[in-house]
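Report on one structure; see the data block that follows.
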Amino acid sequence: EDIHFCPVQRLALADFYESAKGGERTENDDWLDNYLDYCEWRGVTCDERKNVINLILPNFGLSGKLSEKISKLEALETLDLSSNNMKGSIPSEIGSLSKLTYLRLCYNEFTGQLPSQLGDLQHIELLQLHDNRFKGIVPSIKLEKTRFNESSFIADCGVPSVFDAPLICLDCTMCCKPTRE
């Protein structure tokens, strides 16, 4: 784990992939290949300084947890892990991603309380958390208006709900009410 030979960005992506059980996917697409630049891995976009700015992996077959080391991707602007089978809680460290504008964690199996640090995301324009198993109160999150003067903050909240205790969200622009059996 010498950062001179293995950049922090690559180490953070490797930890993310292992925690998310990316290696259990049936499709091998060269993630973690020692001879391939991490900026060329599927779903990864880097800026000219080799900082990861987009991690877009919807429907990628991930089934593990979201690692707290995601916070090491300090230039991250877009994180889309929608339509996977991710589990566990959202790490509080996600709130340190100060450049994050799009966060899509919908259609997974995340559970527990949402971390209050989500409220630290100052530039967030799109936040989609619906179709998970969150509980409690969604932290206060003020979304930036986009160039189209719109924002989107979606969660499973409101009554009636199939959950024992519905998620309470005062800042959501839309509450989805799942009808799972």
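Shape class of the stretch 1-127 from the Cα gyration tensor (axes a ≥ b ≥ c, square roots of the eigenvalues): oblate, since a/c reaches 1.5 or more and a/b does not exceed b/c. A simple spin-label model places pseudo-atoms 7 Å from Cα toward Cβ; at Ser96 and Val8 they are separated by 0.9 nm.
With the simple spin-label model, which puts each label point 7 Å out from Cα in the Cβ direction, the Asn85 to Arg25 separation comes to 1.4 nm. 3J(HN,Hα) couplings calculated from phi for the stretch 108-117 with the Karplus curve 6.51 cos²θ - 1.76 cosθ + 1.60 (θ = phi - 60°) are, in sequence order, 9, 10, 5, 9, x, 7, 6, x, 4, 5 Hz; Gly and Pro show x.
Pairs from the table (Lys21/Lys99; Lys69/Lys99; Lys50/Lys72; Lys21/Lys50; Lys21/Lys69) lying more than 18 angstrom apart at Cα are Lys21/Lys99; Lys21/Lys50.
Working note: Karplus 6.51/-1.76/1.60 with θ = phi - 60° gives the stretch 77-89 the couplings 10, 10, 10, 10, 10, 5, 6, 10, 9, 5, 10, x, 9 Hz, where Gly and Pro are set to x. Taking amide H as placed 1.01 Å from N in the peptide plane, the amide H of Phe110 sits under 5 Å from that of Arg133, each at least 5 places away or on another chain.
Where a number appears in this text, it was derived from the coordinates with a stated rule and is not lab data. Fair warning: this is a prediction, and the values are worked out from it, not measured in the lab. In this analysis, Cβ positions are derived from the backbone assuming ideal geometry, glycine residues included, and neighbour counts consider all displayed protein chains.
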